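Q: Following this message is one structure expressed as structure tokens.
The values are calculated or read from the model by the stated rules, or taken from the named source; none is laboratory data. Quick caveat, the model's predicted, so the values are computed rather than measured. Because the Cβ atoms are built from the backbone with ideal geometry, glycine has one as well, and the counts that use them run over all protein chains shown. These area figures cover heavy atoms from the full protein model, side chains too; ligands, DNA and RNA do not enter into them. Shrake-Rupley method; radii C 1.70, N 1.55, O 1.52, S 1.80 Å.
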Amino acid sequence: DPDGTELLLEPDGHPAVRPYKAALVEDGIPATSFAVDDVHAEFARLRGLGVRFTQEPLEMGPVTTAVLDDTCGNLIQIVHSA
């Protein structure tokens, strides 16, 4: 949605940022998380648009998550609660 929410993550020009981002990605830790109504549906929609996921939808009790690669060195999580 061109007029929707925009996420701006800090650039990685500062010397402390690159190792921090690399460590998060290496450990599979998302930089941020967004609530969605249905992780499975959003996963299918985004994957259909060519988004690469590092974690397919995973149900963990009352929460379902999926993690995608934003192509800029960050992992982004989508999540919904039952």
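Q: List the number of the failed condition for Pro19; all other conditions in (1) loosely packed, with under 14 Cβ neighbours inside 10 Å; (2) free of Cβ contacts under 8 Å to residues at least 12 places away in the same chain; (3) under 26 Å from Ser81 (Cβ atoms) hold.
A: Just one mismatch for Pro19, condition (3).
A quick yes/no check of all residues on (1) outside any loop (DSSP other than H, G, I, E, B); (2) modelled with pLDDT of 90 or more; (3) not β-branched (Val, Ile, Thr):
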site	(1), (2), (3)
Pro11	no, no, yes
His14	no, no, yes
Val25	yes, yes, no
Ile29	no, yes, no
Asp37	no, yes, yes
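Q: Return a yes/no flag: does the stretch 19-42 have any residue that is in contact with a helix residue (DSSP H, G or I) (Cβ under 7 Å, 6 or more places away or on another chain), over 11 Å from Asn74 (Cα atoms) and of a type outside the set (Val, Ile, Thr).
A: Taking every residue of the stretch 19-42 in turn, none turns out to be in contact with a helix residue (DSSP H, G or I) (Cβ under 7 Å, 6 or more places away or on another chain), over 11 Å from Asn74 (Cα atoms) and of a type outside the set (Val, Ile, Thr).
Q: Looking for something open to solvent by 50 Å² or more (accessible area, probe 1.4 Å) and in contact with a helix residue (DSSP H, G or I) (Cβ under 7 Å, 6 or more places away or on another chain) - is there at least one such residue anywhere in the stretch 4-11?
A: Checked against the condition, which is being open to solvent by 50 Å² or more (accessible area, probe 1.4 Å) and in contact with a helix residue (DSSP H, G or I) (Cβ under 7 Å, 6 or more places away or on another chain), the stretch 4-11 yields at least one hit.
Q: Being free of Cβ contacts under 8 Å to residues at least 12 places away in the same chain, surrounded by fewer than 16 Cβ atoms within 10 Å (Cβ to Cβ) and among the hydrophobic types (A, V, I, L, M, F, W, C) narrows it down to one of Leu24, Leu58, so name that one.
A: When all the criteria are applied, what remains is Leu58.
Q: Continuing with this model, one more query. Go through the stretch 33-53 and give me each residue that's open to solvent by less than 70 Å² (accessible area, probe 1.4 Å) and over 19 Å from Asp1 (Cα atoms).
A: Matches in the stretch 33-53: Phe53 only.
Q: Restricting to the stretch 61-82, count the residues that are touching a residue at least 40 places away in the same chain (Cβ under 8 Å), hydrophobic (A, V, I, L, M, F, W, C) and open to solvent by less than 40 Å² (accessible area, probe 1.4 Å).
A: Result for the stretch 61-82: 4.
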